[in-house]
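Before any comments, here is the structure.
The values are calculated or read from the model by the stated rules, or taken from the named source; none is laboratory data. In this text the structure is predicted, and so the values were computed from the model without any measurement. Cβ atoms come from the backbone with ideal geometry, glycine included; neighbour counts cover every protein chain shown. Note: accessible area is taken over every heavy atom of the protein model, side chains too, but ligands, DNA and RNA are not part of it. Shrake-Rupley method; radii C 1.70, N 1.55, O 1.52, S 1.80 Å.
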Amino acid sequence: MIPYGKQDVTAADRDAVIEALTSDLITQGPRAPAFAQALADRVGAEAGVAVNSATSALHIAVAALGLKPGGLLWTSPNTFVATANVARYCGAQVDFVDIDPATRNMCAEALERKLAEATRPPDVVAPVHFAGRSADMVEIAALARGVGARIVEDASHAVGGAYAGRPIGCCAWSDICVFSFHPVKIITTAEGGAALANDVELVDRMRRLSSHGVTRDPALMSPRAGDPPAWVYEQIELGFNYRMTELQAALGLSQLERLDAYVRRRRALAERYHALLEDMSDAVLRPVLDSDRSLSAWHLYVIELRDRTRRDAVFRRMRAAGIGVNAHYIPVHTQPYYRRLGFKDGDFPVAERYFAGALTLPLHPGLTEAEQDAVVAALGTALGDPAAPRD
Ligand SMILES: *Cc1c(COP(=O)(O)O)cnc(C)c1O
């Protein structure tokens, strides 16, 4: 099976992990903070915290911004469930803003309309940089800030991408930006995530929330006469254990060195798909390519079948042919958990229509051109094959 995504692990990665494993500190050492700062430096943010998943990073991000019971987060329905779930972890409500059919990202016009009609504004707006391409952050930030909302970018797909001449993650149009390092993403730490910001107090707050809400900073602790003994720490709020291990951080630091090469390779493969699929453009809608304004990290290459009734049959044919196609994303509001909260089919019709035709083709740095040719050939067969009927 040619997988839709796959990590690339080199000898240098293995050496880095073994070095961390045989060092004195295998957690709470220098590597996790160094990885967070290397990421921040790489994308032009002030600081960051590395944690055990992007889900954890999103959770501490919205918690640090004060999301709580009675609060409200708006995100895109075209995302992994985690972006919405973190608001529920805080006891807050979730709502969605429909997508732009071309970019598959939160649509700024839809956000503007929804804000105009809303009985209350959201506390947090969380756009998702789907497939590695930034949402229209200039427009979204202007609208969200206009109603006093805070902004968290879910850039799980997008480390290594750029927007408006700045690296994704610089937080020029957001309060916090989150990356994921799950193995299918651009760089990996096995499991892992990071949250970056330009406000260092916000980063301190997220770091504290990632480690039990505990501090050793005398300025934050109860007043006492003289210097506190070294054993003193105080839990000043309710936090979690979301820490990244030194093994993961060592892998991340090593992977980060190849970030540019990975994104270059992904972009070349995406452009090659675009050319190879030209002949099928009667049947297949291709994703928009990069522009001066937007350089995707190309986490995913998702086509849409113009005849949406054939998607499942084509999907099955390709899986049977050994092609690990996928489909991103089942609109979050149609998940049973969110239906129980009152959402229903038809609530976000652009996302639903997009997903009905969506087919994710394999894309990762280790994908060979021969494998890519096999993917395209299998797609052509599945589309032309009467065994892939309109069902
Ligand atoms: C992968 C992903 C997440 C969750 O990342 P984890 O590191 O697996 O917790 C969140 N949002 C989006 C859009 C993702 O793709």
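Of the residues 120, 113, 104, 88, which is under 15 Å from the mean Cα position of the chain (by Cα) and among the charged types (D, E, K, R)?
104
Taking residue 166 as the residue in question, decide whether it is open to solvent by 40 Å² or more (accessible area, probe 1.4 Å), within 14 Å of residue 45 (Cα to Cα) and not small (Gly, Ala, Ser).
Spelling it out, residue 166 is indeed open to solvent by 40 Å² or more (accessible area, probe 1.4 Å), within 14 Å of residue 45 (Cα to Cα) and not small (Gly, Ala, Ser).
Looking only at helices (runs of 4 or more DSSP H) that lie completely in the range 301-391, which have at least 3 residues being under 21 Å from the mean Cα position of the chain (by Cα)?
349-357
Just to check your reading of the model, which residue among 159, 152 is part of a strand (DSSP E or B), open to solvent by less than 10 Å² (accessible area, probe 1.4 Å), touching a residue at least 40 places away in the same chain (Cβ under 8 Å) and within 16 Å of the ligand (Cβ to nearest atom)? I'd like the intermediate steps shown before the answer.
Numbers: 159 fails: part of a strand (DSSP E or B).
None of the others qualify; the one that does is 152.
List every residue pair whose Cβ atoms lie under 6 Å apart, where the two residues are 6 or more positions apart in sequence or sit on different chains, the first residue falls within the range 57-80 and is more than 20 Å from residue 143 (Cβ to Cβ) and at pLDDT 95 or above, and the second residue, located anywhere, is assigned to a helix (DSSP H, G or I) and open to solvent by 10 Å² or more (accessible area, probe 1.4 Å).
Taking only residues 6 or more apart or on different chains, the pairs are 59/89; 64/202; 64/205.
Only one of these is open to solvent by 10 Å² or more (accessible area, probe 1.4 Å), more than 15 Å from the ligand (Cβ to nearest atom) and of a type outside the set (A, V, I, L, M, F, W, C): 139, 191. Name it. Break it down into steps so the answer makes sense when it comes.
Details: 191 fails: more than 15 Å from the ligand (Cβ to nearest atom).
Just a single option satisfies the conditions, and that option is 139.
Just checking, how many residues over the range 94-109 are touching a residue at least 60 places away in the same chain (Cβ under 8 Å) and either more than 19 Å from residue 341 (Cα to Cα) or in contact with a Gly (Cβ under 9 Å, 6 or more places away or on another chain) (or both)?
Number of matching residues: 7.
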